[in-house]
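Since the structure comes first, as structure tokens, the remarks are kept for the end.
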Amino acid sequence: MQIDLSFGVIGWGYWGPKIARNLDSLPQAKVTMVADLDARRLAPLSMKHSGIQTTTQIEDVFRSEVDGVVIATPVRTHYQLAKQALLQGKHVLVEKPLTANVAEAEELVALAQEQRRILMVGHTFEYSPAVNELRKLIQRGELGKIYSIEAERLNLGLFRNDINVIWDLAPHDVSILLYLLGKRPVQVEVQAHAHLQRHIHDIAHLNLGFTDGMTAHIHVSWLHPCKIRRVTVIGDARMAVYDDTNPAEMLKIYNKGADVHADPGVSYRFGEVTIPYIDWIEPLHLECEDFATAIRTSLVHCTYRGDAAKSDLEPLHLSATARCASRGPNKGTLSTSAHNW
């Protein structure tokens with residue numbers, strides 16, 4: 001028999017309502033409280049859902065009887081809100097990135113372990129059925145030796161004034177890369193540019209190097225005419241493209257490649273393109289389901305799961321490193337070694 005769960009959501013902007021909708025769709029789970037500093041955001045919710053208590057006092061959520069707290073607020077507030085929630089004995093789901101620096105993230109993970117509470121980070125794309133199918137292809141060796149991975153997350157906006165484009169978009173792609181590969185980079189190079197807002201980078205390129213010679217490149221931008229969310233994996237046997245903007249053909253596998261034989265020339269291979277069937281489920285629903293399952297497991301077995309939050313540390317290492325590149329008003333470049341990751 002499943003345990004009934006209640007949730008409180010802090011932040012009713014973009015992600016708060018989406019997470020609440022998915023939590024409410026789970027069996028024996030319900031959002032019972034929503035907090036936001038802006039009462040105007042809460043007014044429509046109060047009229048439509050009389051069973052949900054709304055408040056502009058964040059502390060009301062911590063003092064309530066909810067089992068889990070969702071934090072969907074600006075990044076600068078994540079650490080303090082998550083810390084307060086954990087200290088009040090709540091399980092916590094935080095939108096990415098977990099905190100504004102690595103030290104704060106590590107402190108929260110340690111606190112979650114001490115409190116024996118779940119601390120989870122919203123890396124939604126790790127729950128994408130297409131990403132998981134791509135991961136299986138890589139792990140089974142069906143693409144061969146992986147030479148390189150290129151990730152692009154581009155669009156016109158949405159501009160932020162509290163964080164740069166790296167903090168906003170790159171954690172998605174770093175988490176996807178680490179999830180696909182199961183290993184960490186040993187070298188990171190970052191080049192970022194600020195065009196519209198002084199000191200806030202809106203275009204960035206990140207290069208990652210791995211011990212086996214594999215490379216990865218991430219391009220993120222708020223200044224691009226087309227919406228692109230694409231990951232291209234280059235293997236010596238086959239290649240694959242994950243395109244999040246194409247629901248009908250989200251994953252394509254190309255039987256293409258190039259080989260160098262005894263002679264100095266390069267031979268090219270052009271084969272079929274395969275589009276596997278993917279049983280689609282909304283990734284955010286799977287993420288919320290995993291959060292609820294983790295809480296129930298913790299309640300039944302009296303254990304904690306701080307490990308889920310640790311997956312956010314690698315993107316934070318990268319983001320923190322990139323932030324150090326902002327030495328001038330328009331651009332910054334940095335090459336750094338990360339052998340101890």
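As an exercise, identify the chymotrypsin sites (Phe, Trp or Tyr not before Pro) in the stretch 153-229 lying in DSSP coil whose Cβ has no more than 14 other Cβ atoms within 10 Å.
On the way: sites: PHE159, TRP167, TYR179, PHE210, TRP222; in loops: PHE159, PHE210, TRP222.
Here the chymotrypsin sites (Phe, Trp or Tyr not before Pro) that fit, given the DSSP loop and packing criteria, are PHE159.
Which longest uninterrupted range of the chain lacks any GluC sites (Glu not before Pro) assigned by DSSP to a loop state (not H, G, I, E or B) and surrounded by at most 13 other Cβ atoms within 10 Å?
That gives 143-341 as the longest site-free run.
Working out 0.36 nm times the residue gap between SER6 and ALA237, then minus their Cα-Cα distance, what length gain in nm do you get to one decimal?
On the way: separation 231, 0.36 × 231 = 83.16 nm, distance 4.85 nm.
Stretched fully, the SER6-ALA237 segment lengthens by 78.3 nm.
Based on the alpha-carbon gyration tensor of the stretch 82-224 and its eigenvalue square roots a ≥ b ≥ c, which shape applies: rounded if a/c is under 1.5, prolate if not and a/b is larger than b/c, or oblate?
Since a/c reaches 1.5 but b/c is at least a/b, the shape of the stretch 82-224 is classed as oblate.
So if R0 is 41 Å, what FRET efficiency would GLN139 and LEU223 give, r being the distance between their Cβ atoms, rounded to the nearest 0.05?
0.70
Chymotrypsin sites (Phe, Trp or Tyr not before Pro) within the stretch 1-82: which are DSSP loop residues with at most 13 other Cβ atoms inside 10 Å?
Details: sites: PHE7, TRP12, TYR14, TRP15, PHE62, TYR79; in loops: TRP12, TYR14.
Listed in order of number, the matching sites are TYR14.
Modelling each spin label as a point 7 Å along the Cα-to-Cβ direction, I'd like the TYR268/HIS195 distance in nm, to one decimal.
About 3.1 nm separates the two model spin labels.
Just the projected area, averaged over all directions, of the convex hull on the alpha carbon atoms of the stretch 197-295: how many nm²? Each step should come with its number before you reach the end.
Working: hull surface 47.7 nm².
For the stretch 197-295, the mean projected area of the Cα convex hull comes to 11.9 nm².
Against the longest alpha carbon principal axis of the chain, how many degrees, from 0 to 90 and to the nearest 10, is the axis of helix 313-323 turned?
Taking Cα atoms only, the helix is inclined about 80 degrees.
Residue by residue through the stretch 73-87, which ³J(HN,Hα) values in whole Hz follow from phi under the Karplus form 6.51 cos²θ - 1.76 cosθ + 1.60 (θ = phi - 60°), with glycine and proline marked x?
With coefficients 6.51, -1.76 and 1.60, one gets 10, x, 4, 4, 9, 4, 4, 5, 5, 5, 4, 4, 5, 5, 5 Hz.
Enumerate the amide H contacts of GLU142 below 5 Å, restricted to partners 5 or more residues apart or on another chain; note that Pro and chain-start residues carry no placed amide H.
none
Once the other residues with Cβ under 11 Å from the Cβ of GLN57 are scored (Lys, Arg +1; Asp, Glu -1), what is the net sum?
Details: positive: ARG63; negative: ASP36, GLU59, ASP60.
Net charge in that neighbourhood comes out at -2.
Apply the Karplus curve 6.51 cos²θ - 1.76 cosθ + 1.60, θ = phi - 60°, to the phi angles in the stretch 228-245 and return the couplings in whole Hz, x for Gly and Pro.
Working through the residues one at a time gives 10, 9, 9, 10, 10, 10, 9, x, 7, 9, 8, 10, 9, 10, 9, 10, 6, 8 Hz.
Compute the distance from the alpha-carbon center of the stretch 199-251 to that of the stretch 105-182, in whole Å.
Here the two parts' Cα centres lie 12 Å apart.
Add +1 for every Lys or Arg and -1 for every Asp or Glu among the other residues with Cβ under 9 Å from the Cβ of LYS83, and state the total.
Every neighbour counted, the sum reads -2.
Using 0.36 nm times the number of residues separating THR215 and VAL186, minus their current alpha carbon distance, what extension gain do you get?
Taking THR215 through VAL186 to full extension adds about 9.4 nm, to one decimal.
I need the calculated FRET efficiency for the pair GLN113 and ALA258, taking r as the beta carbon distance and R₀ as 56 Å, to the nearest 0.05.
Working from the Cβ atoms, E equals 0.70.
If I fit a long axis through the Cα atoms of helix 283-301 and take the longest principal axis of the Cα atoms of the chain, what angle between them do I get, 0 to 90°, rounded to 10?
For 283-301 against the chain, the angle is about 60 degrees.
How big is the convex hull of the Cα atoms of the stretch 5-124, per residue, in Å³?
Roughly 95 Å³ of hull volume per residue.
Over 24 Å between Cα atoms, which of LYS48/LYS90; LYS96/LYS252; LYS48/LYS96; LYS96/LYS227 qualify?
Listed pairs above 24 Å: LYS48/LYS90; LYS96/LYS252; LYS48/LYS96.
State whether the stretch 211-250 is rounded, prolate or oblate according to the following rule on the C-alpha gyration tensor (a ≥ b ≥ c being the square roots of its eigenvalues): a/c under 1.5 gives rounded; otherwise a/b larger than b/c gives prolate, and the remaining case gives oblate.
Judged from the Cα gyration tensor, the stretch 211-250 comes out oblate (a/c at least 1.5, b/c at or above a/b).
How much length is gained on full extension from SER46 to ASN207, taking 0.36 nm per residue of separation minus their Cα-Cα distance?
53.3 nm
How large is ³J(HN,Hα) for each residue in the stretch 34-47, as worked out from phi by the Karplus curve 6.51 cos²θ - 1.76 cosθ + 1.60 (θ = phi - 60°), to whole Hz, x for Gly and Pro?
10, 10, 7, 5, 9, 5, 5, 5, 7, 4, x, 5, 4, 6
Show the residues, 5+ positions off or on another chain, whose built amide H is closer than 5 Å to the amide H of LYS256.
Distant-sequence amide H within range of LYS256: MET239, GLY271.
Calculated from DSSP H runs of 4 or more alone, at -39500 (n - 2.57) each and per residue, what is the 222 nm mean residue ellipticity of the chain, nearest 500?
It lands at -10000 deg cm²/dmol.
Is the C-alpha gyration tensor of the stretch 190-238 telling us rounded, prolate or oblate? Criteria: a/c under 1.5 is rounded; beyond that, a/b larger than b/c is prolate, otherwise oblate.
Oblate.
What percent of all Cα-Cα pairs in the chain falls into each 20 Å bin, going from 0 up to the bin containing the maximum distance?
28, 56, 15, 1
No lab work stands behind these numbers, since they all come straight from the coordinates. Since we're looking at a predicted model, the values are computed, not measured. Note: ideal-geometry Cβ built from the backbone for every residue, glycine included; neighbour counts use all protein chains shown.
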